[in-house]
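Inspection log for the structure reproduced underneath, given as structure tokens.
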Amino acid sequence: MSVRKLLAFVRLGRPLFLTGGFLFYGLGAMVARRAGVHIDTRAYLIGQLAVTAFQLMTHYANDYFDLAADVANRTPTRWSGGSRVLPEGELAPVVALRASLVLAGVGLMLVGLLGASNATPVLLVAGLLAWCYSAPPVRLHTRGLGELGTAVVVTGLVPLAAFELQNGATRGALLVALVPPVLLQFAMLLAIEFPDAEGDAAAGKRTLVVRLGGAWAARLYAAATVMPFVALPLLVEFGLPPTVALVAPLAVWRAWVVLRGGWREPGRWEGITFWAVALLTVTGIAELAGYWISR
């Protein structure tokens, strides 16, 4: 394989998006650590490798199964529209499919190393839902369920797996920690779908933005973006670190921009997608830092 094709293969896997898997897996372990649990380094690393394998599997599979939608998409951003490797003909589509299948096997092998851990079924369900996001016959993203499914996997099941691997004592503490990320992950996916809506509709990929229309999807995006911060006093009362409050102005700003019509302006799409990703990431970091400080 030439260097050019190797670099294209790496871009096809969209490695930048792996950040979320590391961040929210770490968050689950940190919540367990705050409860006084000693971190099992071996279990932590195996679990993280399994998460990363399943996440990469999803990236390669998505580009393969969403090729028609990506070809029809004339307005991609750096955060939406796929990697653009397959539509540009840099690699054959079968390369993405084979990579996804190999990574699925690697993920299953790693989960097997964890044995009868409580995290094992969590990781298996996460891997299955991740595959079903774009792969037939389920194709969650064409049924209006892809956004919720992805939020549950990335910001729900991934931290839960890390928590269970460390024998976390009280799941209630983890549930409180997951409320902001799950809602912001859901909002982020809506933001990413605004630039893709026309191409998705043309290819029969009926995401929530396609189903609801841009205006209603913008309202849903704004609600999901500000809801964690509206509920912040209650969440802090139940143990969420108050450091999350530092992110509230950013959330209000982004909800305002989208509600004011930014979702329909191509010149704003790059910013909308970037800031949606940044908001989720910064909130996760704020939580992680807060739990670390108060451990």
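The values are calculated or read from the model by the stated rules, or taken from the named source; none is laboratory data. None of the values given here were measured: they were computed from a predicted structure. Cβ sites come from the backbone with ideal geometry, for glycine too, and all protein chains shown count toward neighbours. These area figures cover heavy atoms from the full protein model, side chains too; ligands, DNA and RNA do not enter into them. Shrake-Rupley method; radii C 1.70, N 1.55, O 1.52, S 1.80 Å.
Shape analysis of region 1-104 places it in the prolate category; the axes a ≥ b ≥ c from the Cα gyration tensor give an a/c of at least 1.5, with a/b above b/c.
For region 79-222, averaging the sequence separation of C-alpha pairs within contact (under 8 Å, six or more residues apart) and dividing by the residue count gives a relative contact order of 24 percent. Stretching the chain fully between ALA202 and ARG219 yields a gain of 3.8 nm (0.36 nm per residue, less the alpha carbon separation). Within region 161-295, all pairs of alpha-carbon atoms sorted by distance into 10 Å bins from zero give the percentages 12, 40, 27, 16, 4, 0. Across region 61-66, rounded Karplus estimates of 3J(HN,Hα) from the backbone phi angles (6.51 cos²θ - 1.76 cosθ + 1.60, θ = phi - 60°) give 5, 4, 5, 6, 6, 9 Hz, Gly and Pro being marked x.
Please go through region 1-95 and write out the trypsin sites (Lys or Arg not before Pro) that DSSP classes as loop and that have at most 14 other C-beta atoms within 10 Å.
The qualifying sites are ARG74, ARG78.
On a per residue basis, region 42-155 carries 42 Å² of accessible surface, using protein heavy atoms and a 1.4 Å probe. Phi angles of region 246-256 translate, via the Karplus equation with coefficients 6.51, -1.76, 1.60 and θ = phi - 60°, into HN-Hα couplings of 4, 8, 4, x, 5, 5, 4, 4, 5, 4, 5 Hz per residue; Gly and Pro are given as x.
Approximating the spin labels as points 7 Å out from Cα along Cα→Cβ, the ARG74-to-LEU175 distance works out to 4.9 nm.
Taking each DSSP H run with n ≥ 4 as -39500 (n - 2.57) and averaging over every residue of the chain yields -23000 deg cm²/dmol at 222 nm.
Do you know the relative contact order of the chain, to the nearest whole percent, from alpha carbon pairs under 8 angstrom that are 6+ apart? Over the chain, the number comes to 24 percent. Solvent exposure of region 196-295, expressed per residue, is 50 Å² of accessible area, with all protein chains present and a 1.4 angstrom probe.
Determine the shape class of the chain: with a ≥ b ≥ c the square roots of the Cα gyration tensor eigenvalues, call it rounded for a/c under 1.5, and otherwise prolate if a/b is greater than b/c, oblate otherwise. Oblate.
Between GLU265 and LEU246, the contour length at 0.36 nm per residue exceeds the Cα-Cα span by 4.0 nm. Two numbers describe the Cα atoms of region 124-175: Rg and Dmax, which are 12.8, 38 Å. Phi angles of region 116-126 translate, via the Karplus equation with coefficients 6.51, -1.76, 1.60 and θ = phi - 60°, into HN-Hα couplings of 8, 4, 5, 7, 4, x, 5, 5, 5, 5, 4 Hz per residue; Gly and Pro are given as x.
Going by the alpha-carbon gyration tensor, a ≥ b ≥ c the square roots of its eigenvalues, is region 115-205 rounded (a/c under 1.5) or, if a/c is not under 1.5, prolate (a/b greater than b/c) versus oblate? Here region 115-205 falls in the oblate category. Per-atom-type breakdown for the chain gives carbon and sulfur 69% of the accessible area (1.4 Å probe, protein chains only). Rg over Rh for region 214-294 works out to 1.03, using Cα positions for both radii and the Kirkwood form for Rh.
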